[in-house]
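Structure first, then comments.
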Amino acid sequence: HRSPLNDFQRLRATELLAAPAAPLLLLPEPGSAEQCARRCAASRTCRAFHHDRQGQLCQLLPWTQHSPHVQLQKNIHYDLYQKKDYLRDCIVADGTSYRGTRATTEKGLRCQHWQATTPHDHRFLPSPRNGLEENYCRNPDRDKRGPWCYTVDPNIRHQSCGIKKCEDAVCMTCNGEDYRGTVDHTESGTECQRWDLQHPHKHPYHPNKYPDKGLDDNYCRNPDSSERPWCYTTDPEREREFCHIRLCTEKRPRTPNITTSCFRGKGESYRGRVNVTVSGIPCQRWDAQTPHRHHFVPEKYPCKDLQENYCRNPDGSEAPWCFTSRPTIRIAFCFQIRRCPDELDTQECYHGRGQHYHGHISKTRKGITCQPWAAQAPHVPQISPITHPEAHLEENYCRNPDNDSHGPWCYTMDPRTPFDYCAIKPCSGNTVPSILENADTVAFEQCGRRDERLQLKGR
Amino acid sequence: IVGGQPGNSPWTVSIRNRAGMHFCGGSLVKEQWVISTRQCFSSCDADLVGYEVQLGTLFKDPGPGDPDQQTIPIARIVCGPSESQLVMLQLARPATLNTRVALICLPPERYIVPAGTLCEIAGWGETRGTGDGSMLNVARLPVLAHGECHAALRGRLKESELCTAPLRAGVGACEGDYGGPLACLTADCWVLEGVITPSRVCARTDQPSLFIRVSLYADWIHKVMKM
C-alpha cells in the first residue's frame with residue numbers, strides 16, 4: 001500500500017533548469033504523479049521528474065538540484081519530484097541508499113574518486129546502477145558504520161564519512177509542532193503515508209488546508225498538537241503512529257512575547273490567570289481527567305504552561321480556551337480576555353475627520369507602508385490626485401480625501417490590503433455627533449426581509 | 001443564545017475553522033461579505049485558508065443531505081477602524097440568496113436606533129440549558145436608550161456601543177454567538193444595528209447587554225465593499 005511517490009520529495013510550483021548543453025532526451029508523457037514516480041523508479045537514469053498537474057504530463061529528468069549546472073526556478077505549471085536519496089544529507093538505516101554529495105570523511109579527508117585506483121586500488125568501480133559517483137561517500141558493502149570512501153591520503157586507505165542518521169539529524173523542541181525534519185518512518189519502523197494522498201487512510205490534514213503545518217511528502221509532523229510528531233502509516237491496519245524524533249537537548253526555547261493581561265494573535269503565549277469561561281463557568285484543571293478526559297496532560301506539554309485551570313491555547317485554536325467544569329460543555333473559548341492592542345503608537349493627531357491633515361505620516365496603523373497616491377500598483381486607486389486635486393494627495397502621505405469619518409487613510413503597499421487607516425489618532429475631545437433619531441426617514445432595499453412564517457414555525 | 005428558541009435568521013452565518021468546528025457567528029450584508037467581530041480572529045492578516053462560513057441551515061452541524069446548506073470558504077479578512085472591534089470577511093464566492101439565505105440591511109450612517117425598538121439576537125452558541133444547542137436560536141431584546149444605559153453602566157458606555165435592556169428571565173448572547181447580529185426592525189426591514197461581542201457574563205439580569213453600534217461604521221463597511 002505504499003505509493004511510489006514515497007521515494008520522492010515534492011517541490012511545488014518549481015522546475016529544474018539544466019544548462020542548455022544538456023538536452024533532454026525524453027519527451028513528456030501522460031500520467032499522474034504516481035505513474036510518473038513508478039516510471040522514474042524503473043528507469044536507471046531518472047533521478048527526478050516534472051509533473052504538469054493541469055496537463056497530467058510528466059518529464060523524467062536525469063539530474064537533481066544538487067547536480068552541477070542545474071538550478072531551481074519557480075514555475076507554477078510544474079511540481080518537481082526528486083528522489084529523496086539524492087537530496088538527503090542524512091542516512092536511513094545503514095545508508096546503502098545514500099546518494100548525497102558529501103565527499104569528505106569524518107576526519108575531513110577528501111575522498112578519492114571511485115573511478116580512480118590511485119592512491120588506493122580497489123574493486124568498487126562505478127556502474128550505472130551502484131551509485132558510485134564522483135568521490136561521494138557511499139556504502140557499497142553495507143558497512144554498519146554507514147557511508148565511507150577511499151581517501152586521497154596514501155596512508156589512510158578508507159574512512160567513514162560520519163553522516164548522521166536522519167532521525168538524529170534534526171531534533172525537535174516542545175511537542176515537535178515545528179519539526180521539519182525528514183524522518184518518514186514511525187517508531188515501529190512502518191513507513192509513513194504521504195500527507196497529500198488519501199490512501200490507504202483518508203484524513204483531514206490536506207497540505208493545502210494547513211499551509212503552516214509543513215505537511216510535506218510523508219515526513220513525520222504534528223499538525224494537531226499531539227504529544228509528538230506522528231504520521232498516517234502505509235499499513236492499512238494501522239491508521240497512525242508516533243515517530244521517534246530526538247528531543248533537542250539544548251535549553252528549552254523561551255516562549256516568545258509572553259502576555260498575562262491580554263492575548264496576542266491566537267493567544268499561544270498567554271500566561272495569565274483567567275480560569276473561567278465567558279459565561280462564568282470555572283475551568284477544569286488541566287491535570288484532571290474529570291469531568292472531561294483529554295490528552296493535554298501538563299507533563300507531556302511542558303512548553304504550554306498548563307497550570308491549574310488557567311485558560312491556555314496548547315493546540316493552535318483561535319484563542320485561549322479550557323475544558324469546563326460543567327459535564328455538558330466540554331470546552332469553551334476564553335474570549336473575554338482582552339486582545340492586546342496591535343497598532344503602532346501614534347505621534348500625531350487630527351481634528352474633526354482629518355480632512356485638513358497635511359502631515360507626513362505614511363504608514364498604516366499596522367505599520368504597512370502607504371502606496372503613493374499617484375501610483376497604480378499594487379492597487380488601482382479610485383481616488384487620486386487627478387480625481388481629488390484639492391485634497392493635497394502628495395507622495396504617500398496619509399490623507400482623508402473622501403471625508404471618511406474614521407480619519408486619514410491611504411492605499412497600502414500590501415497587495416492583500418487595498419486601504420487602511422493610518423497611525424494617527426483623533427485629537428482628544430474630538431467627537432462627531434450622531435444623527436438620525438427618527439425611523440421615518442429611513443428606507444431599505446432588497447435586504448432585511450425574511451419569511452416570517454418560518455420564524456413562527458421554528459422547525 | 002440563552003433564553004431564546006429555535007428560529008429563522010437567514011442572514012446569520014456560522015463561522016468554522018479548519019477542523020470544521022463552529023467558533024463564532026456573523027451576518028451576511030452582501031452576497032460576498034460577512035460582518036463579524038475582531039475578537040474571533042487571531043489577526044487582521046490571518047491566513048484564513050480552510051476557514052468557511054455556513055449559511056442556509058438552522059442546524060449547527062447539518063447532515064450532508066441538508067438541501068439548503070451553503071458552505072463558502074473565507075477569502076480575506078479586513079479589520080475595521082481601531083475601536084470598532086469589527087471585521088469584514090470576503091467570501092471566496094457569492095452566497096446564493098433564497099428563503100433560507102438573505103441579506104440583512106445596513107443602517108444609515110450614525111443612525112441611533114430608538115429606544116424600545118424590537119430587536120433580536122441569533123446564534124448557535126451556548127444555551128446554558130435553556131434551548132437546543134444544535135439549532136439556531138433567536139432571542140428578542142428591546143433597545144435601551146443610550147442615556148439610560150450610560151447611567152446604568154455608571155458612565156462606562158462608549159459612543160461605539162449600544163445597549164439592550166436586561167430581562168428578568170435572563171436573555172442574551174453567550175459563547176459561540178460572538179460576531180453574530182443584533183437585528184432590529186426598522187421600516188419593515190431587519191437592520192444590522194449591533195454585533196455581539198464577548199462580555200464577562202452571559203444573559204445578565206442586572207445589567208444591559210452591550211453591542212458594537214454598526215451605524216457608526218456604516219461608511220467604512222460601504223467603503224470596504226466598494227474598494
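The values are calculated or read from the model by the stated rules, or taken from the named source; none is laboratory data. Just so it is clear, the model here is predicted, and its values are computed rather than measured. Cβ placement follows ideal geometry from the backbone for every residue including glycine, while neighbour counts extend to all protein chains displayed.
Summary of values
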| read-out | value |
| --- | --- |
| Unmet requirement for A:ILE368, which otherwise passes all of (1) out of contact with any strand residue (DSSP E or B) (no Cβ under 7 Å at 6 or more places or on another chain); (2) facing chain B (nearest Cβ under 10 Å) | (1) |
| Region A:215-231 - residue that is over 24 Å from A:PRO302 (Cβ atoms) and among the charged types (D, E, K, R) and, of those, surrounded by the most Cβ atoms within 10 Å (Cβ to Cβ) | A:ASP217 |
| Unmet requirement for B:ILE72, which otherwise passes all of (1) out of contact with any strand residue (DSSP E or B) (no Cβ under 7 Å at 6 or more places or on another chain); (2) closer than 23 Å to B:ILE104 by Cα; (3) more than 9 Å from every other protein chain (Cβ to nearest Cβ) | (1) |
| Failed item, numbered, when B:GLY26 is tested on (1) closer than 23 Å to B:LYS226 by Cα; (2) within 12 Å of another protein chain (Cβ to nearest Cβ) | (2) |
| Qualifying position, being more than 25 Å from A:HIS185 (Cβ to Cβ) and either without any contact (Cβ under 8 Å) to a residue 12 or more places away in the chain or assigned to a loop (DSSP other than H, G, I, E, B) (or both), among A:GLN59, A:GLN54 | A:GLN54 |
| Failed item in (1) at the interface with chain B (Cβ under 9 Å from one of its Cβ atoms); (2) buried (at least 21 other Cβ atoms within 10 Å of the Cβ), with A:LEU393 passing the rest | (1) |
| Residue identified as assigned to a helix (DSSP H, G or I), loosely packed, with under 15 Cβ neighbours inside 10 Å and in contact (Cβ under 8 Å) with a residue 60 or more places away in the chain among A:ASP168, A:ASP212 | A:ASP168 |
| Options B:THR164, B:THR96: the member that is under 18 Å from B:ARG204 (Cβ atoms) and among the hydroxyl-bearing types (Ser, Thr, Tyr) | B:THR164 |
| Check on A:TYR411, modelled with pLDDT of 90 or more, in a strand (DSSP E or B) and at the interface with chain B (Cβ under 7 Å from one of its Cβ atoms) | no |
| Verdict on A:GLN112 being more than 19 Å from A:ASP196 (Cβ to Cβ), touching a Ser or Thr at 6+ places or on another chain (Cβ under 9 Å), of a type in the set (S, T, N, Q) and modelled with pLDDT of 90 or more | yes |
| Inter-residue pairs, beta-carbon under 8 Å, first within 7 Å of chain A (Cβ to nearest Cβ) and buried (at least 20 other Cβ atoms within 10 Å of the Cβ) and in region B:32-49, second of a type in the set (Phe, Trp, Tyr) and part of a strand (DSSP E or B), 6+ apart | B:CYS40/B:PHE23 |
| Contacts under 7 angstrom Cβ, first residue in region A:367-386 being under 22 Å from A:LEU344 (Cβ atoms), partner part of a loop (DSSP other than H, G, I, E, B) and of a type in the set (D, E, K, R), 6 or more apart | A:ILE368/A:ASP414; A:PRO372/A:GLU395 |
| Flag for A:GLU241 being touching a strand residue (DSSP E or B) at 6+ places or on another chain (Cβ under 9 Å), more than 14 Å from every other protein chain (Cβ to nearest Cβ) and not in a loop (DSSP other than H, G, I, E, B) | yes |
| A:ASN257 of a type in the set (S, T, N, Q), under 23 Å from the mean Cα position of the chain (by Cα) and in a loop (DSSP other than H, G, I, E, B) | yes |
| Any hit, region B:180-197, residues being assigned to a loop (DSSP other than H, G, I, E, B) and more than 10 Å from every other protein chain (Cβ to nearest Cβ) | yes |
| Of residues in region B:104-132 being over 19 Å from A:ALA443 (Cβ atoms) and at the interface with chain A (Cβ under 9 Å from one of its Cβ atoms), the one surrounded by the fewest Cβ atoms within 10 Å (Cβ to Cβ) | B:GLY129 |
| Test: residue in region A:251-267 that is surrounded by 18 or more Cβ atoms within 10 Å (Cβ to Cβ), more than 14 Å from chain B (Cβ to nearest Cβ), farther than 26 Å from A:THR186 by Cα and of a type in the set (D, E, K, R) | no |
| From A:THR234, A:THR290, A:THR277, residue being more than 22 Å from A:PRO4 (Cβ to Cβ) and away from chain B (no Cβ under 11 Å) | A:THR290 |
| Subset of region B:8-23 [surrounded by 23 or more Cβ atoms within 10 Å (Cβ to Cβ) and either modelled with pLDDT under 95 or within 11 Å of chain A (Cβ to nearest Cβ) (or both)] | B:SER9, B:PRO10, B:TRP11, B:THR12, B:ILE15, B:PHE23 |
| Check on B:SER14, in contact with a His (Cβ under 7 Å, 6 or more places away or on another chain) and outside any loop (DSSP other than H, G, I, E, B) | yes |
| Flag for A:THR346 being closer than 29 Å to B:ALA173 by Cα and of a type in the set (S, T, N, Q) | no |
| Residue match in region A:27-37 (condition: in a loop (DSSP other than H, G, I, E, B) and under 27 Å from A:ASN135 (Cβ atoms)) | no |
| Counted residues, region A:271-301 - those being within 18 Å of A:THR260 (Cα to Cα) and of a type in the set (Asp, Glu) | 0 |
| Residue in region A:142-157 that is nearest to A:PHE124 (Cα to Cα), counting only those that are in a loop (DSSP other than H, G, I, E, B) and more than 39 Å from the chain's Cα centre (by Cα) | A:ARG157 |
| Within region A:332-343, tally of residues that are more than 8 Å from chain B (Cβ to nearest Cβ) and over 27 Å from the mean Cα position of the chain (by Cα) | 2 |
| Residues being more than 7 Å from chain A (Cβ to nearest Cβ) and part of a loop (DSSP other than H, G, I, E, B) - total across region B:200-221 | 6 |
| Pairs with Cβ under 6 Å, 6+ apart, first in region A:271-292 and more than 17 Å from A:PHE335 (Cα to Cα) and without any contact (Cβ under 8 Å) to a residue 12 or more places away in the chain, second surrounded by fewer than 18 Cβ atoms within 10 Å (Cβ to Cβ) and among the hydroxyl-bearing types (Ser, Thr, Tyr) | none |
| Residue check for A:GLY162: at positive phi and either modelled with pLDDT of 90 or more or outside any loop (DSSP other than H, G, I, E, B) (or both) | yes |
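The rows are residues; the columns are (1) more than 30 Å from A:GLU237 (Cα to Cα); (2) of a type in the set (D, E, K, R); (3) buried (at least 18 other Cβ atoms within 10 Å of the Cβ); (4) at pLDDT 90 or above.
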residue: A:GLU29; (1), (2), (3), (4): yes, yes, no, no
residue: A:SER67; (1), (2), (3), (4): yes, no, yes, no
residue: A:LYS74; (1), (2), (3), (4): yes, yes, no, yes
residue: A:LEU87; (1), (2), (3), (4): yes, no, yes, yes
residue: A:CYS90; (1), (2), (3), (4): no, no, yes, yes
